[in-house]
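J.: Have a look at this one.
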Amino acid sequence: MSAAVLAGIVTAQDPTGGSCNQPGQYECGRSASYNGNNAYLYFCLSDNFVTEVKNCNCPQCCYVVGGGLGPNGSKSCT
């Protein structure tokens with residue numbers, strides 16, 4: 001298998017650098033090809049790319065309220 005093919009496999013599994021929908025906020029995600037289909041918490045950059053990925057321990061172990069920021073915002077990934 002070529003290095004280019006292997007790099008594509010790693011990129012497809014790791015959400016870091018992928019697209020997101022709510023710039024400047026935290027979001028929860030889940031993918032069958034990443035973290036054993038368990039949830040993960042990430043921050044969506046202003047240019048709509050995923051950063052700061054934290055893996056959670058179960059499919060429902062992630063929540064975000066109010067974008068995870070500010071006095072009314074909260075986030076959890078257990």
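J.: Each residue of the range 38-47 in order: what ³J(HN,Hα) in whole Hz does its phi give by Karplus 6.51 cos²θ - 1.76 cosθ + 1.60, θ = phi - 60°, with x for Gly and Pro?
T.: 7, 5, 9, 9, 8, 9, 9, 5, 4, 9
J.: Please arrange Val65, Val53 by how many other C-beta atoms lie within 10 Å of their C-beta, fewest to most. Before the final figure, lay out each step's value.
T.: Details: Val65 12, Val53 18.
Starting with the residue having the fewest Cβ neighbours, the order is Val65, Val53.
J.: Additional query: Once you have the Kirkwood Rh of the range 22-68 from its Cα pairs, apply Stokes-Einstein at 25 °C and 0.890 mPa s and quote D in µm²/s.
T.: 230 µm²/s
J.: Which order do Glu52, Glu27 fall in if you start with the one that has the fewest other Cβ atoms within 10 Å?
T.: Details: Glu52 11, Glu27 18.
By the 10 Å Cβ count, ascending: Glu52, Glu27.
All of the numbers you see were taken from the coordinates with simple rules; none came from a lab. Please read all numbers here as calculations on a predicted model, not as lab measurements. Note that we place each Cβ from the backbone using ideal geometry, even for glycine, and neighbour counts take in every protein chain shown.
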